[in-house]
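Participant: Sharing a structure here in structure tokens format.
Nothing in this text is a laboratory measurement; each read-out follows from the coordinates by a stated rule. On a predicted model such as this, the values are computed, not experimentally measured, just so you know. Cβ atoms come from the backbone with ideal geometry, glycine included; neighbour counts cover every protein chain shown.
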Amino acid sequence: MENPSYASAPLFQLRQVSHLYGGRHRSVLALDNINLKVDPGERIGIVGESGSGKSTLARLLVALVKPSGGEILFRGQPLPTKREALLDFRRQVQIVFQDPFASLDPRLTIGQSIAEPIHALGIREDVPSRVLELLEAVGLAPSSNALYPHQLSGGQRQRVSIARALAPRPTTLVADEAVSALDVSVRAQVLNVIARLVQELGLTLVFISHDMSVVRHISSRVVVLYRGAIVEDNKTEVVFTNPQHPYTRALLAAIPRLR
Amino acid sequence: MTLLEVRNVHLAIGGVELIRDLSFSIDTAQRLGLIGESGSGKSLAALAIMGLLPYRSTVSGSIRLSDQELVGLDERRYSKLRGDRIAMIFQEPMTSLNPLMRIGKQIGEVLRIHEGLSRPASYAQATALLERVGFDQPAQQARAFPHQLSGGQRQRVMIAMAIACNPDIVLADEPTTALDVTVQAQVLDLLAELTSEHGCALMLISHDLAVVANVCDHIQVMYGGAIVESATTSELTHFAEHPYTRALLATSRGLDDLDNESFGQLPTIAGTVPQAGQFPPGCTYRGRCERESYQCQTPPVVTGTTHQVRCWHPYGSSSEGA
């Protein structure tokens, strides 16, 4: 598939991607020979336990780290490295991190945090009105604009992180354990915000989580990672009704349920 | 037999009332679940029992462990109870272990202090405890520092420390919230197994109703610093009477519900938990409640005996409104 046309190309294509952390003496193979295709408009859930390589995969997809081996194509092109092209890529692909306490700058107001990517990515637009629009989209009061992160609850902070990620109008959202640090009741609220916005804006969603029940709800396709390798990749209902890999079955059995 | 009895406890920090009229008891070997959202006061309740409250806290009421009153107990006597008769497991195993001490020595410390064991004897006992909590090479792993262990292993170390002196009761505050689901299941099983082996009571605190329901035989729901409903696990999960408990159950079941349209909107609880000290007077759940009336401006009284509820308009114990 040389020079695929822009429209038919998968959004992301990972070919034999590996990633190694560490130096000469001790190193950890976080991802081992991953092949993965993400189509535009897909909602893909990536599950696995701590150390399975989920977060490494998220960082690779948003070009925060470069793979040690293999290649990652975005719309048929290798991930950019030069500044201009990287800025263009970041306008299209954004990420929400797990810890809403660590991922917001405590010295910036909520409004400044949300506006930061608009300035940093060189987008010309009426910033104050865009910030208000984003606050409304994630269900926060316009008055939150002037507050600081420590004045908000975990759920509210995660809404801010989502608003910030959506500020440059990306086409793709990567969520790395975006609801894992939240209480069950608040988690449902934030999941509702993500689901509504993904639908309204027609985003491609890569949703990374260790929680199978969350992934079942939010994604149309599930990829199971185990020790840096993909052990299962199928439509959500197939993975949940007929899991093939023993590890997937163990993950399913571990979900605490109310009888 | 009643092991721990909490009676009319009020707690304020810096003049802000955070726990109001908390009363409950735990029997010997009972497994009690305490659930609620962040800010409901559930962790503070545990810290009050442990006598680990921050400065500027004022406590009134009574907390009795067997025949000993804990409210106002001096620090010297309290520290003899802690780790010996009451033990606590915290949420974050990375910050609750000493990063500079090998885990064998760290577990042994509690045995040296409370049981007066010698260094070698306490170390040997610590190694045996590591094996009990599922370490496959306890002799080698006793020499590890906390950073060399995974989150699940660190929480197992915390469990080993908690059960080292065969306490009467273990308070576990969100012990598995920082862990993956698979590890969470293992750690909960271990906690349940080891406490019941010794006839040790367990108070499990969590925001996750499903987690608590799988381990505990009795559940209490906390909101705004007070217990709003208390019943056996099966009673509470099937015949909840308080509107808040019903809302919590609905959010917990939302993700499990296969009929729920995938990617649709999940049930949530309207509004957010108010900030500390900003709960409305009267019923603290006012403003978020679907059954609110003028009557809710006065604090509701607790009704029921085995199934208690603090509400003016509880759902009937039948299937009404379910």
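Participant: Check which residues have an amide H placed less than 5 Å from residue A:95's amide H, if you skip close sequence neighbours.
Facilitator: Result for residue A:95 returns A:174.
Participant: Evaluate the charge dipole of segment B:149-223 about its Cα centre and quote only its size in Debye, nearest 20, assuming +1 on the Cβ of each Lys and Arg and -1 on the Cβ of each Asp and Glu.
Facilitator: Once rounded to the nearest 20, the dipole reads 180 debye.
Participant: Sticking with the crude label model, points 7 Å out along Cα→Cβ, report the distance from residue A:125 to residue B:148 in nm, one decimal please.
Facilitator: In this crude label model, residue A:125 to residue B:148 measures out at 5.2 nm.
Participant: Report the Cys residues of the protein assembly as shown lacking a disulfide-compatible partner, meaning no second Cys Cβ under 4.7 Å from their Cβ.
Facilitator: B:165, B:200, B:216, B:289, B:311
Participant: Something else now. What number does chain B give for Rg over Rh if you use C-alpha atoms and the Kirkwood radius?
Facilitator: In chain B, Rg relative to Rh is 0.99.
Participant: Can you find, among B:72, B:58, B:118, the residue farthest towards the positive end of the dipole of segment B:46-134? Put +1 on the C-beta of Lys and Arg, -1 on that of Asp and Glu.
Facilitator: Positive-most Cα among the choices belongs to B:118.
Participant: What ranking of B:50, B:101 emerges when the number of other C-beta atoms within 10 Å of each C-beta is taken as an exposure proxy, fewest first?
Facilitator: Neighbour counts put them in this order, fewest first: B:101, B:50.
Participant: Which ordering of A:206, A:223 is given by a fewest-first count of other beta-carbon atoms within 10 Å?
Facilitator: Going from least to most buried by this count: A:223, A:206.
Participant: Further question: Only Lys, Arg, Asp and Glu count, each charged at its Cβ (+1, +1, -1, -1), so figure out the dipole size of chain A about its Cα centre, rounded to 20 debye.
Facilitator: 360 debye
Participant: Indicate the helices, whole DSSP H runs only, in chain B that combine a mean Kyte-Doolittle hydropathy of 0.0 or more with a Cα extent along their long axis of 15 angstrom or more.
Facilitator: Qualifying helices, which must be both long enough and hydrophobic enough, are B:151-163, B:181-197.
Participant: Counting DSSP beta bridges with both partners in the protein assembly as shown, what percentage is antiparallel, nearest 5?
Facilitator: Beta bridges within the protein assembly as shown, antiparallel portion: roughly 55 percent.
Participant: Based on other C-beta atoms within 10 Å, arrange B:165, B:283, B:289 from fewest to most.
Facilitator: B:165, B:289, B:283
Participant: Using the Cα gyration tensor of segment A:1-89, with a ≥ b ≥ c the square roots of its eigenvalues, what is the shape: rounded (a/c below 1.5), prolate (a/b larger than b/c) or oblate (neither)?
Facilitator: Taking the square roots of the gyration eigenvalues as a ≥ b ≥ c, segment A:1-89 is prolate.
Participant: I would also like to ask the following. Let me confirm one metric for peptide A:46-52, namely the mean number of other chain beta-carbon atoms within 10 Å of its residues' beta-carbons.
Facilitator: Mean shielding count: 3.
Participant: Moving on to the next point. Per the helix-only calculation at 222 nm, which mean residue ellipticity applies to the protein assembly as shown, given -39500 (n - 2.57) for every DSSP H run of n ≥ 4 and division by its residues, nearest 500 deg cm²/dmol?
Facilitator: -10000 deg cm²/dmol
Participant: Can you list the residues, at least 5 places off or on another chain, whose amide H is less than 5 Å from the amide H of residue B:171, using H built in the peptide plane?
Facilitator: B:87, B:88, B:89, B:203
Participant: Oh, and also: Placing +1 at every Lys and Arg Cβ and -1 at every Asp and Glu Cβ, with all other atoms neutral, what dipole size does the protein assembly as shown have around its Cα centre, in debye to the nearest 20?
Facilitator: Rounded to the nearest 20 debye, it is 1500 debye.
Participant: Continuing with the same structure: Does segment B:7-144 come out rounded, prolate or oblate by the C-alpha gyration tensor, with a ≥ b ≥ c the root eigenvalues, rounded set by a/c under 1.5 and, if not, prolate when a/b is larger than b/c and oblate if not?
Facilitator: Prolate shape, in that a/c is at least 1.5 and a/b is the bigger ratio.
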